[in-house]
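Chemist: To start, I am sharing the structure in question, which I have written as structure tokens.
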Amino acid sequence: MKLLFASLIALSLCLPTAFAAGSEEDESNPSVSAAVQAIKAQDWPGAITLLKAEVAANKGTASIHNYIGFAHRKLGDFDNAFKHYAIALKMNPEHRGAHEYVGQTYLAVGNLEMAKKHLDALDRICFFGCEEYDDLKAAVATYRPK
């Protein structure tokens, strides 16, 4: 049993770690890097414009759609946020950031049960725990219907 546990830990250290914020490949792209800077500056329309240009150039990834969904959510455009999170999760069903953010979006529209489904998905994906799970769990715990 100890050998199995040690093997799992060793394997986890070899796996890619950053899904929520975006992949290293995405962030090495100058357009995506500029979009991330726009997100940090809370320039949601600017970020969306930059990211949609990447999608139009057939360079859309799960992380790019997650970023687009995030920017739409921050603008209060929940329909487009849900659309892009769905694309991200279709491209990568284990995208931790998309699960967290779509869960946050479900809370914003008052759908606690769907938020919990994405929390459950994160619980399965984050075998040793992860920030996305912790953040959505805290949001679910403090959720109060409006």
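This table checks each residue for (1) in contact (Cβ under 8 Å) with a residue 24 or more places away in the chain; (2) surrounded by 22 or more Cβ atoms within 10 Å (Cβ to Cβ); (3) in a loop (DSSP other than H, G, I, E, B); (4) of a type in the set (A, V, I, L, M, F, W, C).
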| residue | (1), (2), (3), (4) |
| --- | --- |
| GLY60 | yes, no, yes, no |
| PHE70 | yes, yes, no, yes |
| ILE87 | yes, no, no, yes |
| GLY97 | yes, yes, no, no |
| HIS118 | no, yes, no, no |
| ARG144 | no, no, yes, no |
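Chemist: Same structure again: Would you call LYS74 modelled with pLDDT under 95 and among the charged types (D, E, K, R)?
Modeler: no
Chemist: Can you tell me which residue in the stretch 122-142 is surrounded by the most Cβ atoms within 10 Å (Cβ to Cβ), limited to those that are under 15 Å from the mean Cα position of the chain (by Cα) and farther than 15 Å from TYR106 by Cβ?
Modeler: Within the stretch 122-142, the match that is surrounded by the most Cβ atoms within 10 Å (Cβ to Cβ) is TYR133.
Chemist: Would you check if ILE64 is surrounded by fewer than 23 Cβ atoms within 10 Å (Cβ to Cβ) and either touching a residue at least 60 places away in the same chain (Cβ under 8 Å) or not polar (S, T, N, Q) (or both)?
Modeler: For ILE64, the condition - surrounded by fewer than 23 Cβ atoms within 10 Å (Cβ to Cβ) and either touching a residue at least 60 places away in the same chain (Cβ under 8 Å) or not polar (S, T, N, Q) (or both) - is not met.
Chemist: Something else: Return the residues of the stretch 29-57 that are in a helix (DSSP H, G or I) and not hydrophobic (A, V, I, L, M, F, W, C); say none if nothing qualifies.
Modeler: Hits for the stretch 29-57 are PRO30, SER31, SER33, GLN37, LYS40, PRO45, GLY46, THR49, LYS52, GLU54.
The values are calculated or read from the model by the stated rules, or taken from the named source; none is laboratory data. Bear in mind the structure is a predicted one, so any value in this text is a computation, not a measurement. Every residue, glycine as well, gets a Cβ built from its backbone with ideal geometry; the counts of neighbours run over all protein chains shown.
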